[in-house]
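**Q** The structure follows.
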Amino acid sequence: MDGMALGKDYATQECSIASALEVIGERWTLLVIRDAFYGVRRYNDFLVHLGIPRAVLSARLRALTEQGILDKRRYQESPPRDEYVLTDRGIALWPTMRALGVWGREQLTQVQLRVFRHAGCGAELGAYNECPACGTIVAVPDVEVVPGPGLNRDPADPVSRALLKPKRLLQPLVTDPV
Ligand SMILES: [Zn+2]
């Protein structure tokens with residue numbers, strides 16, 4: 001058999017879902033993006049929250065930067081340290097992330113781990129990021145994430161602990177020193 005037929009991409013698919021999966025379909029990629037929405041920016045914070053091998057995290061961050069989903073920014077010169085921030089192209093994935101979360105909860109877990117609210121009024125968002133109280137689709141920076149009834153209130157890692165407090169999406173996550 002021709003090796004091309006066993007390729008790991010979807011080059012033969014004329015489909016925009018296939019095109020999207022070329023960029024976000026690898027294991028861990030969507031969870032890196034999820035954490036970026038929660039305000040995780042630094043390598044070690046992704047590492048402790050995701051619990052993934054360093055090589056995998058490095059590869060995912062590199063690919064997402066190359067695809068224009070994350071912007072790599074130097075925040076310290078010696079030693080050199082970079083942080084990763086969602087671009088507009090990355091932020092445009094929010095409805096997809098929300099839809100996957102709602103589907104996972106309704107069809108698989110039946111557990112609400114996090115609640116997404118309209119920061120302006122405190123109402124819980126609907127499945128399409130609409131605020132039932134204000135009658136608007138809520139922009140990503142105005143979405144507040146708070147712990148849901150199913151969330152572990154005594155997590156081990158500093159990122160999970162920081163996420164026990166209500167916070168707006170995209171705002172840099174501040175972790176307590178260990
Ligand atoms: Zn509202």
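Quick note: the coordinates plus some simple rules give every number you see, no bench work behind them. As the structure is a computational prediction, the values presented were derived from the model and not from experiment. Positions of Cβ are backbone-derived with ideal geometry, glycine not excepted, and every protein chain shown enters the neighbour counts.
**Q** Please give the net charge around residue 123, taking every other residue with its beta carbon less than 12 angstrom from that of residue 123, where Lys and Arg add +1 and Asp and Glu add -1.
**A** Here the charged neighbours net out to -3.
**Q** On to the next question. Pick from 78, 58, 19 the residue whose mean-square fluctuation is largest in a GNM of the chain, springs joining Cα atoms under 10 Å.
**A** Judging by the Gaussian network model, the answer is 78.
**Q** What residue among 66, 124, 26 shows peak mean-square fluctuation when the chain is described by a Gaussian network model with Cα springs under 10 Å?
**A** Maximum fluctuation in the GNM of the chain, among the listed residues, is at 26.
**Q** So for segment 8-93, averaging the separation of alpha carbon pairs under 8 Å that are six or more residues apart and normalising by length, what relative contact order in percent results?
**A** Averaging sequence separation for qualifying contacts and normalising by length gives 25 percent for segment 8-93.
**Q** Under 8 Å for C-alpha pairs, at least 6 residues apart: give me the relative contact order for segment 74-178, rounded to a whole percent.
**A** Worked out over segment 74-178, it gives 20 percent.
**Q** What relative contact order, as a whole-number percentage, does the chain give when Cα pairs under 8 Å and 6 or more residues apart are counted?
**A** 20
**Q** Counting just the Cα atoms, what span does the chain cover along each of its three principal axes? Round to the nearest Å and put the largest first.
**A** Principal-axis extents of the Cα atoms in the chain, largest first: 57, 44, 28 Å.
**Q** Next question. Take residue 113 and residue 9, extend 7 Å from each Cα along the Cα→Cβ direction, and tell me the distance between the two endpoints in nm.
**A** For residue 113 paired with residue 9, the spin-label model returns 3.1 nm.
**Q** Next up: Would you kindly state how much longer the chain becomes between residue 153 and residue 34 on full extension, computed as 0.36 nm times their sequence separation minus their alpha carbon distance, in nm to one decimal?
**A** That works out to 40.9 nm of additional length.
**Q** A further question follows. Under a point-charge model restricted to the Cβ atoms of Lys and Arg (+1) and Asp and Glu (-1), what is the dipole moment magnitude of the chain relative to its Cα centre, in debye to the nearest 20?
**A** 500
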